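Chemist: Before anything else, here's the structure in question.
The values are calculated or read from the model by the stated rules, or taken from the named source; none is laboratory data. Because the structure is predicted, anything quoted here is derived from the model rather than measured.
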Amino acid sequence: MFELPSYEIVEKEGKYTDKEIEEFRETVEKGAHLFFKYAREGGLRFGLQNQVAVY
């Protein structure tokens, strides 16, 4: 689990290689702006029923 905005690993579970961890970190860094955007907006809305999914 990565902490934002520092991208530090705060919890590590499983047997991931250093390469896999770096790939995860890059994915989190590239998507961080979306995490913050949707958190600020209250989650993601799907369909017309105004259902909210928070990740």
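Chemist: Looking only at region 7-32, which residues are part of a strand (DSSP E or B) and of a type outside the set (D, E, K, R)?
Modeler: Result: ILE9, single match.
Chemist: Based on this model, can you work out whether TYR7 counts as at pLDDT below 85 and among the hydroxyl-bearing types (Ser, Thr, Tyr)?
Modeler: yes
Chemist: Return a yes/no flag: does region 32-54 have any residue that is at pLDDT below 85 and among the β-branched types (Val, Ile, Thr).
Modeler: Scanning region 32-54, I find at least one residue that is at pLDDT below 85 and among the β-branched types (Val, Ile, Thr), so the answer is yes.
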